[in-house]
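As structure tokens, the structure follows; a few thoughts come after it.
None of the figures in this text is laboratory data; all of them are computed from the coordinates on show. All figures in this text were calculated on a predicted structure; none of them were measured in a lab. No Cβ is skipped: glycine too gets one built from the backbone with ideal geometry, and neighbour counts run over all protein chains shown.
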Amino acid sequence: MYVGNRKNDKTKRINFTISQSLNVKAEKIARDMNVSISNLLRRALEKYIAENEQEKIDLELSEGYKANYEYYSNSQKEWRFADSLE
């Protein structure tokens with residue numbers, strides 16, 4: 001999963017702090033996956049962003065379905081008559 005286009009994206013170095021315990025866990029996972037800490041954290045951030053974007057889409061769909069419930073409900077009632085003609 002990748003949010004951007006690695007070949008065309010310029011990179012930007014960022015610095016942030018994490019707790020020692022989180023660092024130990026991240027280093028172990030990175031070692032187990034045979035990737036750098038930067039790569040591990042990049043993947044984690046990409047996954048978080050993708051999940052966040054999907055949550056927003058799901059919420060918008062849910063709100064749309066709720067807003068149009070009456071329309072869909074009436075449409076189903078109208079088709080019941082047509083279905084009964086078979």
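Measuring from label point to label point, each 7 Å out along Cα→Cβ, what is the K25 to Y71 span in nm?
Here the modelled spin labels are 4.5 nm apart.
Under a plain spin-label model, where a point goes 7 Å from the Cα along Cα-to-Cβ, how far apart in nm are D9 and K47?
1.6 nm
Looking only at Cα atoms, what is the convex hull volume of the chain per residue, in Å³?
Enclosed volume per residue, from the Cα hull, is 225 Å³.
Quick one: net charge of E53's neighbours, Cβ under 14 Å, K/R +1, D/E -1?
Numbers: positive: K47, K56; negative: E46, E51, E55, D58, E60.
Overall, the nearby charge balance is -3.
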